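Everything on this sheet refers to the single structure shown next.
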4 protein chains.
Amino acid sequence: MYSAIRPLHFGDCDPSGIAYYPSYLKLMDSVVEDFFASLGAPRKEMIDDRKIGTPTLTLDLTFVKPGFHGSDLTFDIRVTRIGGSSLDLEHTVSANGNTLWSARQRLVATSLKTHKACAWPDDIRAALSHHLETNNA
Amino acid sequence: MYSAIRPLHFGDCDPSGIAYYPSYLKLMDSVVEDFFASLGAPRKEMIDDRKIGTPTLTLDLTFVKPGFHGSDLTFDIRVTRIGGSSLDLEHTVSANGNTLWSARQRLVATSLKTHKACAWPDDIRAALSHHLETNNA
Amino acid sequence: MYSAIRPLHFGDCDPSGIAYYPSYLKLMDSVVEDFFASLGAPRKEMIDDRKIGTPTLTLDLTFVKPGFHGSDLTFDIRVTRIGGSSLDLEHTVSANGNTLWSARQRLVATSLKTHKACAWPDDIRAALSHHLETNNA
Amino acid sequence: MYSAIRPLHFGDCDPSGIAYYPSYLKLMDSVVEDFFASLGAPRKEMIDDRKIGTPTLTLDLTFVKPGFHGSDLTFDIRVTRIGGSSLDLEHTVSANGNTLWSARQRLVATSLKTHKACAWPDDIRAALSHHLETNNA
């Protein structure tokens with residue numbers, strides 16, 4: 001499991017005083033970016049040098065409790081499946097031990113030249129495999 | 001069906017030159033806001049006067065094709081189910097007649113005082129009913 | 001003078017119930033983009049075909065009154081000076097006839113290949129000249 | 001001087017591959033929020049309990065060099081003047097020791113009840129005073 005903390009700032013919240021969900025997704029995407037960097041695959045290098053993007057194919061979101069301005073959010077990422085060119089992630093976002101929302105995300109490694117799916121490079125596949133959890137809740 | 005156009009601006013796109021998906025959701029949320037205004041239920045009045053929020057409970061997204069900077073996006077909203085306090089919407093987002101992505105969203109009318117689900121006010125329910133499509137694709 | 005309307009949506013506002021100023025700037029940038037498109041210079045073509053960016057060099061902002069969720073904002077752009085590679089714009093943003101904020105912006109035509117300032121192409125310079133106001137308030 | 005690091009993520013950058021300036025301002029505002037929290041004045045408490053907002057009155061920005069995706073940005077804040085209800089801050093944002101941009105910002109303590117300027121509370125004034133730099137560059 002990969003974990004990161006993101007404080008919920010004023011600018012991420014809306015006039016009803018709670019987190020604005022599109023802002024949540026910008027935060028989540030920054031955590032996915034840091035997760036790949038932790039695997040030795042910074043997104044900038046993937047784009048500039050390897051010409052590989054990782055667009056999202058599907059994303060299923062469930063919001064359970066509101067998030068409040070000033071909270072520290074814990075973003076947990078679990079790798080649940082590694083396909084030839086796809087990757088399934090489960091996200092759990094919590095504050096003070098309570099789950100606020102969760103997400104199932106499928107990414108696809110994609111050539112920025114052909115705009116088609118491409119195989120994960122071996123080093124990234126190997127690094128992802130260390131995070132694979134076969135029996136996740 | 002409710003429809004709205006949103007041009008895809010520079011600031012909605014990312015370094016790979018295509019739409020950044022969290023920006024898509026900010027656009028979609030603005031379309032949902034305009035949809036409710038078209039029903040006679042502007043979000044500001046709902047929050048300030050009726051003390052009702054419409055947070056999202058679930059949101060399932062499927063991204064089919066990339067969206068490019070400079071495109072005019074057509075956001076179509078279909079009402080597929082009206083519950084006691086919930087509302088199911090189907091979104092289709094297209095450019096030049098091609099579907100780029102789609103979404104299934106469940107909103108819940110929620111009291112901003114008790115933070116619990118509340119019944120849709122009669123006028124909003126009636127207005128939503130005119131949009132209900134029982135046999136949607 | 002070039003003018004555009006932008007509704008102030010929920011997602012542009014903050015927990016104190018008024019417009020969040022970074023969101024204002026994203027709206028203003030989209031208006032500048034539309035202004036250039038109205039001159040026959042869509043930003044996407046400028047970047048992709050002409051390899052010219054128009055980064056901001058200086059931006060001086062003055063906020064006078066708060067902007068409220070649900071307002072229609074009028075963005076007015078005046079061209080006050082056209083340099084060899086620079087461009088000075090004055091922005092006035094109002095709601096219901098009241099100025100909410102204003103901005104003085106200097107942009108610089110910049111080669112995306114050399115990252116240095118470059119002369120405005122003749123057609124863009126000519127189109128900008130039609131908007132030049134020598135005696136603006 | 002107060003300093004904070006903010007990594008420049010993919011979602012903060014634009015199709016020309018550099019930081020999008022409205023995203024810079026959202027980052028800067030989050031640093032100002034953290035600066036006040038470091039003074040014992042978290043923005044949420046100021047809004048909810050003290051009913052004081054700190055809207056920006058003027059903001060003068062100068063952009064010197066582009067910021068690149070993947071950089072760690074250092075945000076430095078200097079307090080240059082503390083008025084009865086105003087506060088002048090100077091921001092310098094750098095990467096790898098090079099200044100990318102700078103800002104002069106005037107904030108005003110404002111009652112959220114009357115929407116008028118109000119005096120800084122004594123504890124916040126005292127905490128700000130420790131940061132006052134009379135001879136800043």
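Do we find a residue being within 23 Å of A:ASP14 (Cβ to Cβ) and within 14 Å of chain D (Cβ to nearest Cβ) anywhere in region A:34-44? The answer is no, given that none of the residues of region A:34-44 is within 23 Å of A:ASP14 (Cβ to Cβ) and within 14 Å of chain D (Cβ to nearest Cβ).
Of the set (1) over 25 Å from A:GLY67 (Cβ atoms); (2) modelled with pLDDT under 95; (3) open to solvent by less than 50 Å² (accessible area, probe 1.4 Å); (4) β-branched (Val, Ile, Thr), all apply to B:THR134 but (3). Here B:ILE77 clears all of (1) at positive phi; (2) more than 12 Å from chain C (Cβ to nearest Cβ) except the condition numbered (1). Scan region C:54-72 for residues that are within 14 Å of chain B (Cβ to nearest Cβ) and under 14 Å from the mean Cα position of the chain (by Cα) and jot them down. Matches in region C:54-72: C:THR54, C:PRO55, C:THR56. Within region A:44-63, the set of residues being open to solvent by less than 30 Å² (accessible area, probe 1.4 Å) and assigned to a helix (DSSP H, G or I) comprises A:MET46, A:ILE47.
Only residues that are hydrophobic (A, V, I, L, M, F, W, C) and part of a helix (DSSP H, G or I) were counted in region B:4-43, giving 9. Just one of C:LEU100, C:LEU59, C:LEU107 is of a type outside the set (D, E, K, R) and over 30 Å from A:PRO15 (Cα atoms); which is it? Sole residue among the options that is of a type outside the set (D, E, K, R) and over 30 Å from A:PRO15 (Cα atoms): C:LEU107.
Note on region B:1-26: among residues that are more than 9 Å from every other protein chain (Cβ to nearest Cβ), surrounded by fewer than 22 Cβ atoms within 10 Å (Cβ to Cβ) and out of contact with any helix residue (DSSP H, G or I) (no Cβ under 7 Å at 6 or more places or on another chain), the one that is nearest to B:VAL108 (Cα to Cα) is B:MET1. Out of everything in region B:76-99 that is under 15 Å from B:THR62 (Cα atoms) and without any contact (Cβ under 8 Å) to a residue 40 or more places away in the chain, what residue ends up being farthest from the chain's Cα centre (by Cα)? Residue satisfying both the conditions and the ranking: B:ASN98. The conditions of being open to solvent by 30 Å² or more (accessible area, probe 1.4 Å), touching a Pro at 6+ places or on another chain (Cβ under 9 Å), in contact (Cβ under 8 Å) with a residue 24 or more places away in the chain and not aliphatic (A, V, I, L, M) are met by B:ASP34.
C:ASP49 falls short on exactly one of the conditions (1) touching a Ser or Thr at 6+ places or on another chain (Cβ under 6 Å); (2) more than 24 Å from D:ILE47 (Cβ to Cβ), and that condition is (1).
The strands (runs of 3 or more DSSP E) falling completely within region D:64-131 include none with 3 or more residues that are surrounded by fewer than 16 Cβ atoms within 10 Å (Cβ to Cβ) and touching a Lys or Arg at 6+ places or on another chain (Cβ under 8 Å). Look at (1) over 20 Å from C:SER38 (Cα atoms); (2) modelled with pLDDT of 95 or more and you find that C:ARG78 fails only one, number (1). Filtering region B:5-31 to residues that are under 20 Å from B:ALA117 (Cβ atoms) and either touching a residue at least 12 places away in the same chain (Cβ under 8 Å) or more than 14 Å from the chain's Cα centre (by Cα) (or both) leaves nothing.
The values are calculated or read from the model by the stated rules, or taken from the named source; none is laboratory data. Given the structure is predicted, the values throughout are model-derived calculations rather than measurements. Cβ: placed from backbone, ideal geometry, glycine included. Neighbour counts: every protein chain shown. Just the protein is used for accessible areas: all its heavy atoms, side chains included, with ligands, DNA and RNA removed. Shrake-Rupley method; radii C 1.70, N 1.55, O 1.52, S 1.80 Å.
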